[in-house]
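See below for the structure under consideration.
Bear in mind these aren't lab numbers, they're just calculated from the coordinates by the rules spelled out. Worth saying up front: this structure is predicted, and the values here are computed from it rather than measured. When we count neighbours, we look across all protein chains shown, and the Cβ atoms used for this are built from the backbone with ideal geometry, even at glycine.
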Amino acid sequence: MSFLTKTVSAIGAAALLSATALTANAETTKLRIQTHYAPETVSGKLAAAYIDNIQTMSGGDIQVEMFYSSAVVKSVETFDAAATGILDCDMTGGGYQTGKNSAFQFVGDIMGGYATPYQQLSWLYYGGGLEAAKPLYNKYDMELVGWWVYGQESFASSKPIAKVEDFKGWKFRSPPGMETKIFEKLGATPIVMDFTEIFTALETGIIDGADASGLANNVGLGLYDLVKYANFPGFHSMPSDHLACNKARWDAMPEEHRRIMSVAMESLALRTALTFEKKNAEAAAELTANGVTLSQWAPEDLQEFRNAAQATWPEFADTPEAKALVESHIAYLTQLGLVAE
């Protein structure tokens, strides 16, 4: 055997040993993640794309068992299920945890604050939001990985909702938290119920309307097959869906897996905002053609809502974490010119 042949053989053997060692040392992260979205909704499909991205970018080293439509536990229980290890990550939203700590309102849905998802995401990533939210999530043994914000929500209703006056006596599904207080001040009757119960409650007339999601998601849920009134563009609520993972589980993951999941969340955030710009406009045109009445609120009615919402913020800033988040939001909203100094 020549020297060259021996050298090539040695290099090949070393490469094979190196590749074998890398394969042996590769770590696999297996995660169980739940979202409240149905797989056929726009948000459900976006969540599926996120899972596909992190699995593909990790070369299969991140493996996810994904649960849709709150299949394992109720939406409001997802956070605790992840914190206690029943699940690994929660892909619902902080707004479901306001009963645990009012601070979750201000990572879930500040209401009456930001006008676009881009402004809200800007606070999280560049306005000190992640740093302000970290102590809150860590307090409950969770880690906030990122947000995906689809924009302003629209109502679904069996009655017209074209102005503040229409809220008088209006029974509607509301998520828990600050929203119930704001709408009580405006004369409505909010009824807190799980996301998965909305369709049946509308169908049976238990409620007149629902605060469920954005216009396109509402179409995906089939809400406008039951009721024929909505508002668009939305104004009242722009919830931040989150990805939050069990902190011990997160900390034990390889750094490259944490980085893949975090960066992929930024991609999901942008993709979500851009997708709903298009999907909501398409949904509005489709609904109008199908006889659904869409109301666009007048500036004076919008301002009346914002006044009621902003007057309610201090009522929920009753824990150290909530105060810190409200102060952070107000500082950034002031910078953006959305709150007067």
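Here are some notes:
- Distance from the alpha carbon centroid of region 290-338 to that of region 95-127 works out to 10 angstrom.
- Sorted peptide list for 148-156, 49-57, criterion being average Cβ within 10 angstrom, highest first: 148-156, 49-57
- FRET efficiency estimate (nearest 0.05) - Cβ-Cβ, K323 to K30, R0 41 angstrom: 0.60
- Distance (nanometres) between label positions extended 7 Å along Cα→Cβ at L270 and Y140: 3.0 nm
- Efficiency of FRET from Cβ geometry, T334 and A311, R₀ 22 Å, rounded to 0.05: 0.85
- Virtual paramagnetic centre 7 Å along Cα→Cβ of E277, amide N under 11 Å, in region 44-78: none
- Among the listed pairs K100/K139; K139/K323; K45/K247, those with a Cα-Cα distance over 18 Å are K45/K247.
- Each label was represented as a point 7 Å from its Cα along the Cα-to-Cβ direction; for E304 and A248 these points are 5.2 nm apart.
- Between the beta carbons of E203 and Y125, assuming R0 = 45 Å, the FRET efficiency works out to 0.65 to the nearest 0.05.
- Solution diffusion estimate, µm²/s, Stokes-Einstein, the chain, Kirkwood Rh from C-alpha pairs, 10 °C, viscosity 1.306 mPa s: 75 µm²/s
- In a fully extended conformation the segment linking K168 and V72 would gain 30.9 nm over its present Cα-Cα distance, using 0.36 nm per residue.
- Listed by chain and number, the aspartates and glutamates whose C-alpha is less than 12 Å from the C-alpha of K163, apart from same-chain residues fewer than 8 away, are E300, D301, E304.
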